1. Order the peptides 172-178, 131-137, 266-272, 98-104 from the highest to the lowest mean number of other Cβ atoms within 10 Å of their residues.
2. Take the Cβ-Cβ distance between Ser96 and Asn344 as r, set R0 to 22 Å, and report the resulting FRET efficiency rounded to the nearest 0.05.
3. Label-point separation (nm) for Lys206 and Asn181, each offset 7 Å from Cα along Cα-to-Cβ?
4. Quick check: the angle from helix 94-103's long axis to the longest principal axis of the chain, C-alpha only, nearest 10 degrees?
5. Using alpha carbons only, how many degrees (0 to 90, rounded to 10) separate the axis of helix 282-307 from the longest principal axis of the chain?
6. What residues have an amide H closer than 5 Å to that of Leu86, excluding those fewer than 5 places away on the same chain, when H is modeled at 1.01 Å from N in the peptide plane?
7. Considering the Cα positions of the chain, please state its Rg to one decimal place and its Dmax as a whole number of Å.
8. Using 1/(1 + (r/R0)^6) with R0 = 25 angstrom and r between the beta carbons of Leu292 and Asn82, what's the FRET efficiency to the nearest 0.05?
Amino acid sequence: MTIPQSKQNEKRIFSGIQPTGNLHLGNYLGAIKNWVKLQEDFSSIFSIVDLHAITVPQEPLQLRASIHEVTAAIIASGIDINKSILFNQSSVKEHSELAWIFNCVCRIGWLNRMTQFKEKAGKNRENATVGLYSYPVLMAADILLYKATHVPVGDDQKQHIELARDIASSFNNMFTLDNENNFFSLPEPQIFGPATRVMSLRDGTKKMSKSDPSDASRINLTDTKEEISSKIKKAKTDPNPLPETVDELKKRPEAFNLLNIYSSLSNQTLDKTVENFVGKGFSHFKPKLIELAVENLNPISSEMRYLLKDTKAIDKILKTGEIKARQIAEPVLQDVKSLVGLIN
Ligand code: AMP
Ligand code: TRP
């Protein structure tokens, strides 16, 4: 078994995805597609973050099924379990232990600034769980437990990674004896590609999201060719032909979103896509986008369906990942405990 070693100055990647609802094109283009590229060059650890999922109510049987589905989706998208570590968060108990220690480092004022909590808790904030509130602390524990240096995510997670940096640097100040040799290095977000924020197909100002009640707002990784086609056909647009420049495009949120999706799926820059479609109407553009989306997503959904026929095999894959993850996590947590003064 090869375990990536954390060497000084070596990049190590950590990222996570929640096993809730349907994985969609935003998850794929904003996160997983980048993971697949990064695993070639860096030691990479990816987690299905079930402990994050339970910060809002989950139906137990559905949660279990979603863990299998998300694992299958990640593998079907191209994560190679011989190159990367893939595991389920709650199976490595060190995540929860480090999160508790970080709860005693993180300040309430820092959490009060988190916009995702405000959005998710909505008006009835008093009724939100403490777990939802301290969710970013657990996320910091996920990253720092592996001393990850880089965190590839979509744009919505930027603020959480800034918080992980604040926690790391505060921990270093509180507990690292030698200032030259900080215990944690500060993790960097990696937010790249033309689709760091894929928007809803029904409203170009809203993020594409698993929790949107309208299924027509998103393209799920499990959608059939017909569903993809009908959702793109119905996607909100405007009556004007496509513009000559990216600046003009930016003033039209729905058009901007669809051209960004096209660019990301075809691995070309937005400038190039704008150049390809200048002056064309959506009746010309949409069929091209449908063709491209089906070509990219169909192989993923058929591979997912194939993998999901054998959930025992998926459990085995997660078990292997768990063992590898724990080999890195255990010694880091032990060091943290001794620095804090806890008895190991
Ligand atoms: P989640 O579904 O919240 O667990 O998110 C998993 C990953 O997908 C994270 O890296 C998110 O930043 C990314 N992501 C989620 N929704 C979008 C979106 N609409 N556009 C781009 N990235 C997204
Ligand atoms: N909070 C992330 C999201 O909803 C998921 C996540 C949990 C994560 N732990 C992480 C992402 C650690 C990157 C690193 O998208």
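Each reported figure results from applying straightforward, stated rules to the coordinates on display, with no laboratory input. Values in this document were obtained by computation on a predicted structure and should not be read as measured data. With ideal geometry, Cβ positions are generated from the backbone for all residues, glycine too; neighbour counts draw on all protein chains shown.
1. 131-137, 98-104, 266-272, 172-178
2. On the way: r = 16 Å, r/R0 = 0.75.
So the FRET efficiency works out to roughly 0.85.
3. With each label point 7 Å from Cα toward Cβ, the separation is 5.3 nm.
4. It works out to around 80 degrees.
5. For 282-307 against the chain, the angle is about 40 degrees.
6. Phe46, Gly321
7. Considering the chain through its Cα atoms, Rg and Dmax are 20.9, 69 Å.
8. On the way: r = 30 Å, r/R0 = 1.18.
It comes out at approximately 0.25.
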